[in-house]
Amino acid sequence: MSRPVAAIFRTPLFNPSERFIEDQAAALTRWRPLLVGLERKRAGVEAILPASGLERALFALRGRGGSIERRLGAAAPKLIHAHFATDGLRVLPLARALALPLVTSLRGYDVTRSDAALLRSGRLSWIRYALGRKRLQREGALFLAVSDALRQAAIARGFPEERTLTHYNGVDLTRFRPDQGPREPGLILHVGRLVEKKGTKVLIEALAGLPDARLVVIGDGPLRGALERQAGPSAQFLGALPPDEVAQWMRRASVLAAPSLTAADGDAEGLPNVVVEAAASGLPAVATHHSGIPEGVVAGETGFLVPEGDAGALAGGLASALAAGPAMGEAARRLAEERFDRTRLSERLERRYDRVAAREKE
């Protein structure tokens, strides 16, 4: 018996920091994922893409038509699952044209960034989203927020409470796992796209209070140059790395630093994947009381939580985590197994697909 098809839509397939979308699709077992997008950003991604630059431009404006609509219609999907609300609005006309229910994952900035910032961005998709959000909220079949905190924020922004649910990003518990060997004393790991909301600037300031610590930063982004100049020799910047190499660093480090904060334009996290991956790796985390992070870090048990933007408190939390014994990392692994197991979350996602395809309420 053939598996029902879920069309997974993301305009870029995929930005380097969005591997979690592809991983979620690949973890489906009863449903067959079919990737659909407007631009291939990474070699080897098989997907339905525009046949020409003109078709891409027209689809970006209209949200339907051309060979994308014909080929997707021929594949007979049962639903479309868009990632980020900006792409949910973009692909809404296609869902209408094919009479398909639309599932949209809400992941952070698409809920928290202010309308004024979206309108000032100069990005057509963001401007259209600021002006057309209510249409998506009215017509979308289901909205999946990546944390309880983000779900509450989404409801406050007008997303329908009965159709807005929490669905965590899962983690591969075999790729991200503790190692049997000792961890490197004093090694602080920081992973993420180097933008304001990641709080890397505050982390570098906190290093002044940790003379025996070593910081390794994995990730790239527009602030990398300024952050490297700020850190000088006190931090090592490795750029973006493949997931397997990130997992190796998580088995080697003594603590993860995730000092996220709300950016000036309102941009905020949902629940950073790196926090969940660290927990699966048995790596304690020192993070901030920010959005959904407390759902992935149990203060005093799997790590420590500090106020946003407070370098002194961050330094204190990191010192405490570096001095903690193995029990904290063991508790983090248990939390990942109980709350963030990708296999169980994939099964839950497929049950939600079943109900959406049958037009049933959860």
Looking only at the stretch 332-349, how many residues end up being in contact with a Ser or Thr (Cβ under 9 Å, 6 or more places away or on another chain) and buried (at least 18 other Cβ atoms within 10 Å of the Cβ)? 5
Out of A85, A51, which single residue is under 19 Å from the mean Cα position of the chain (by Cα) and either surrounded by 15 or more Cβ atoms within 10 Å (Cβ to Cβ) or more than 17 Å from R128 (Cβ to Cβ) (or both)? A85
Could you please find all residues in the stretch 88-99 being touching a residue at least 40 places away in the same chain (Cβ under 8 Å) and surrounded by fewer than 23 Cβ atoms within 10 Å (Cβ to Cβ)? L92, R96
Residue among E295, E301 that alone is under 22 Å from D179 (Cα atoms) and either outside the structural domain of L322 (by TED's automatic domain parsing) or surrounded by fewer than 24 Cβ atoms within 10 Å (Cβ to Cβ) (or both): E301
Test set (1) over 25 Å from D23 (Cβ atoms); (2) in contact (Cβ under 8 Å) with a residue 60 or more places away in the chain; (3) of a type in the set (V, I, T) - T343 fails condition number: (1)
Inside the stretch 65-79, can you point out the residues that are touching a helix residue (DSSP H, G or I) at 6+ places or on another chain (Cβ under 8 Å), surrounded by 16 or more Cβ atoms within 10 Å (Cβ to Cβ) and at pLDDT 95 or above? I68, E69, L72, K78, L79
So R64, is it free of Cβ contacts under 8 Å to residues at least 12 places away in the same chain and within 18 Å of I48 (Cα to Cα): no
Criterion first (among the small types (G, A, S), assigned to a loop (DSSP other than H, G, I, E, B) and either within 20 Å of the chain's Cα centre (by Cα) or surrounded by fewer than 21 Cβ atoms within 10 Å (Cβ to Cβ) (or both)) does S260 satisfy it? yes
Just to be sure, is S260 touching a strand residue (DSSP E or B) at 6+ places or on another chain (Cβ under 6 Å), closer than 30 Å to R120 by Cα and of a type in the set (S, T, N, Q)? yes
For the list (1) surrounded by fewer than 17 Cβ atoms within 10 Å (Cβ to Cβ); (2) under 20 Å from P222 (Cα atoms); (3) not charged (D, E, K, R), I need the number of the one condition that L119 fails. (2)
Consider V297 against the criteria (1) within 25 Å of E161 (Cβ to Cβ); (2) not in a helix (DSSP H, G or I): it satisfies all of them except one. Which criterion is unmet? (1)
Among the listed residues L349, L318, L314, L283, which satisfies the condition of being assigned by TED's automatic domain parsing to the domain that holds A145 and either under 30 Å from I80 (Cβ atoms) or touching a residue at least 12 places away in the same chain (Cβ under 8 Å) (or both)? L349
Every residue from the stretch 263-280 that is buried (at least 22 other Cβ atoms within 10 Å of the Cβ), in a loop (DSSP other than H, G, I, E, B) and either without any contact (Cβ under 8 Å) to a residue 24 or more places away in the chain or not aliphatic (A, V, I, L, M) (or both): E269, G270, P272
Of the numbered conditions (1) out of contact with any strand residue (DSSP E or B) (no Cβ under 8 Å at 6 or more places or on another chain); (2) under 23 Å from A25 (Cβ atoms), E330 satisfies every one except a single condition; which is it? (2)
Based on what the data block shows, is L210 over 28 Å from A27 (Cβ atoms), under 24 Å from the mean Cα position of the chain (by Cα), of a type outside the set (S, T, N, Q) and surrounded by fewer than 19 Cβ atoms within 10 Å (Cβ to Cβ)? no
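The values are calculated or read from the model by the stated rules, or taken from the named source; none is laboratory data. On a predicted model such as this, the values are computed, not experimentally measured, just so you know. Don't worry about glycine lacking a Cβ; one is built from the backbone with ideal geometry, like all the others, and counts go over all protein chains shown.
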